[in-house]
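Values quoted throughout were computed directly from the atomic coordinates according to the rules given, and no laboratory measurement underlies them. What you are looking at is a predicted structure, and each value in this text was computed from that prediction instead of being measured. Note that each Cβ is placed from the backbone with ideal geometry, even for glycine, and that neighbours are counted across all protein chains shown.
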Amino acid sequence: MKDNETPSEFVSDPPDVDTKTAPLKSHNPPSDGNTSSESKPSRTVNLLELAAEVESSTSLEEIRLSGDETPIILFTPETTEVDLHYCPEPDIKGYVRCQEKECLLCGIERKQNRRLCLPVYLPTEGRVGVLPVSLSLRPHALLTQLINILKTIDEEQPEDEPEKQPQVVFLRREDNFKYCVSTRPLPPDTDAGEAQIKRFLSEKDQGLIDIATVIPKIDGDQLKAIPEILQMMKLKGING
Ligand SMILES: [Zn+2]
């Protein structure tokens, strides 16, 4: 049920949301600082290393764009393709990753959408976040505008010109079809996130980060516990 090219792709997009980040936390392997060690020998824990560990494993979240501007700094053109479903049910109200085989949401014919998940730096929050981008290449679509900016960043720098300044990109969602994207040179003495970006890229290279996990995967039993989904299954004669 993939249908990424038609305008109807957008109908299942989330309505305006007033939060910029998903309410559901990333499903990265938990490293929540719970170092309780029953029957384990005691060990020395460096609090700064622990803090860095906790931060890196919990700070990767989905970015949700709204009618307010979200500033981002682009640092990579590499995205991760994720198939997902939008669940408007109050218990979820967001994207859920498609389970592919025996996906209950595919079973009730909930529309499957593909998103390119792009890691970006959030300078107001001082962390890397993940932006799910629709594959639409219409002029006002987010992907089209991000590609144009990435192209200018990627352009070879003529030797006789001053070094390119890093850009901050402001993203605002007008509606499901239209995004407003503008750029500004990053003011001097502003944190461009070099340290966080470096750490993110190194953790990604080591396979410690799976970008797709910012979109929660909800198993069948949990989905069946949501009344609207259970009712839909009954109506469609699906026994889960
Ligand atoms: Zn599915």
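For the residue pairs K101/K224; K93/K204; K151/K198, the alpha carbons lie more than 26 Å apart in K93/K204. For D191, no residue has an amide H sitting under 5 Å from its own, ignoring neighbours fewer than 5 places away on the same chain, with H placed 1.01 Å from N.
Does anything in segment 60-75 have its amide N under 15 Å from the 7 Å Cα→Cβ label point of E100, and if so which residues? Within reach of a label on E100: no residues. Each peptide in 157-163, 232-238 gets a packing score, the mean of other Cβ atoms within 10 Å over its residues, and the list from highest to lowest is 232-238, 157-163. Computed from the alpha carbon positions, the gyration tensor of segment 105-240 leads to an equivalent ellipsoid with semi-axes of 39, 19, 13 Å, biggest first. Between E194 and T76, the contour length at 0.36 nm per residue exceeds the Cα-Cα span by 41.2 nm. Taking every Cα-Cα distance in segment 51-159 and sorting them into 10 Å bins starting at zero, the pair-distance distribution P(r) comes out as 12, 36, 34, 15, 2, 1 percent. For the pair segment 167-240 and segment 120-165, the centres of their Cα atoms are 17 angstrom apart.
Averaged over residues, the count of other Cβ atoms within 10 Å places the peptides 82-91, 111-120 in the sequence 111-120, 82-91, highest first. Here the Karplus curve 6.51 cos²θ - 1.76 cosθ + 1.60, taken at θ = phi - 60°, turns the phi angles of segment 65-71 into couplings of 7, 9, x, 8, 5, 10, x Hz, with x standing for Gly and Pro. In this label model, K151 and L137 are separated by 1.1 nm, measuring between points 7 Å along each Cα→Cβ vector. Our estimate of slack between V45 and R184, defined as 0.36 nm per intervening residue step minus the Cα-Cα distance, is 45.8 nm.
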